[in-house]
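Visitor: Before I ask anything, here is the structure I am working with.
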Amino acid sequence: MRAVPLVVVTAALLAGCSAGGSGAGGSADPAPPTAATATATAVPAAEPSPTAASSPPTAAEIAELVTNWYEFGGEAAMAGLIGEIVAVEAARTPDDLGYVTVDFGPLFDAIEEAGWPGTIPDLKAQTAWRAALGHLKDGANAVLSSSPDLRLFQSRQEAEQAYEGWRTFDKGVKELKAVQSRLRSTFSLRPSSDPWKAPR
């Protein structure tokens, strides 16, 4: 809610006293209020206007904003990110020798590009979206840094780190699917094609 500035005006009244003349007929009467004093006392304290605070957006307005986000970059960013996740998932399976070779570079690029359309104008979707991007990035970094240096096999500590990294990555995938589910169920926004289907 937008804060309404409250301005308080305080008028200081200075009363002057005039000394009466000397002698028996002399008297001391208070001076009549001057024009400046009368003007100061007539200024009321400022009050906040009842229409100054902006009302929260309606459900229809939020739906329009979310649709604009989706159509002007959101869908493309999400589809690009999902495509790179599918590629990582495909490379995640060990080969015949038990090795896993994953290129996380395109995924990191897609995660960065996913933030370009801006914030999703829906709190639940935006919360899940931000969490998904963070977990995908953190998980991929953990797996990447668990790769052994100058050795063919991971140590036990490195293997455990890779395991936890993949768990974090999978959590991000789950959160990303939750974003898609909310966009679909609440705002009727569906991709033109299923980005989760692996390219043939």
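Visitor: Could you list all residues from the stretch 80-101 that are under 18 Å from Ala142 (Cα atoms), open to solvent by less than 50 Å² (accessible area, probe 1.4 Å) and in contact with a helix residue (DSSP H, G or I) (Cβ under 8 Å, 6 or more places away or on another chain)?
Guide: Matches in the stretch 80-101: Ile85, Val88.
Visitor: Consider the stretch 110-136. How many of its residues are touching an Asp or Glu at 6+ places or on another chain (Cβ under 8 Å) and not hydrophobic (A, V, I, L, M, F, W, C)?
Guide: 1
Visitor: Sort through Gln157, Gln180, Gln126 and tell me the only one that's at negative phi, at pLDDT below 95, in a helix (DSSP H, G or I) and not charged (D, E, K, R).
Guide: Working: Gln180 fails: at pLDDT below 95; Gln126 fails: at pLDDT below 95.
Exactly one residue qualifies, and that residue is Gln157.
Visitor: Is it the case, given these coordinates, that Pro48 is open to solvent by 70 Å² or more (accessible area, probe 1.4 Å), over 27 Å from Leu189 (Cα atoms) and modelled with pLDDT under 80?
Guide: Yes.
Visitor: Give the residues of the stretch 169-187 that are of a type in the set (Asp, Glu) and open to solvent by less than 50 Å² (accessible area, probe 1.4 Å), sorted by residue number.
Guide: If we filter the stretch 169-187 for residues that are of a type in the set (Asp, Glu), which is where we start, we get 170, 175.
Result: Glu175, single match.
Visitor: Of the residues Trp116, Trp166, Trp129, which is surrounded by fewer than 16 Cβ atoms within 10 Å (Cβ to Cβ), among the aromatic types (Phe, Trp, Tyr) and touching a residue at least 12 places away in the same chain (Cβ under 8 Å)? Before you say what the answer is, go through the steps one by one.
Guide: On the way: Trp166 fails: surrounded by fewer than 16 Cβ atoms within 10 Å (Cβ to Cβ); Trp129 fails: surrounded by fewer than 16 Cβ atoms within 10 Å (Cβ to Cβ).
When all the criteria are applied, what remains is Trp116.
Visitor: Return the residues of the stretch 75-93 that are touching a Ser or Thr at 6+ places or on another chain (Cβ under 9 Å) and either at pLDDT 95 or above or more than 27 Å from Ala162 (Cα to Cα) (or both); say none if nothing qualifies.
Guide: As a first pass, look at the stretch 75-93 and keep what is touching a Ser or Thr at 6+ places or on another chain (Cβ under 9 Å): 75, 79, 91.
Hits for the stretch 75-93 are Glu75, Ala79.
Visitor: Given the residues Ala60, Ala53, which is the only one that is in a loop (DSSP other than H, G, I, E, B) and at pLDDT 55 or above?
Guide: Within the list Ala60, Ala53, the selection yields Ala53.
Visitor: Within the stretch 132-152, which residues are open to solvent by 50 Å² or more (accessible area, probe 1.4 Å) and touching a Ser or Thr at 6+ places or on another chain (Cβ under 8 Å)?
Guide: Correct list: Asp138 only.
Visitor: I'd like the residue in the stretch 102-113 that is open to solvent by 40 Å² or more (accessible area, probe 1.4 Å) and part of a helix (DSSP H, G or I) and, out of all such residues, is nearest to Ile62 (Cα to Cα).
Guide: Here the answer is Glu113.
The values are calculated or read from the model by the stated rules, or taken from the named source; none is laboratory data. As the structure is a prediction and not an experimental result, all values here were calculated from the model. Methodologically, a virtual Cβ is constructed for each residue, glycine included, from the backbone with ideal geometry; neighbour enumeration extends over all protein chains shown. Quick note on the areas: whole protein, heavy atoms, side chains included, nothing else; ligands and nucleic acids left out. Shrake-Rupley method; radii C 1.70, N 1.55, O 1.52, S 1.80 Å.
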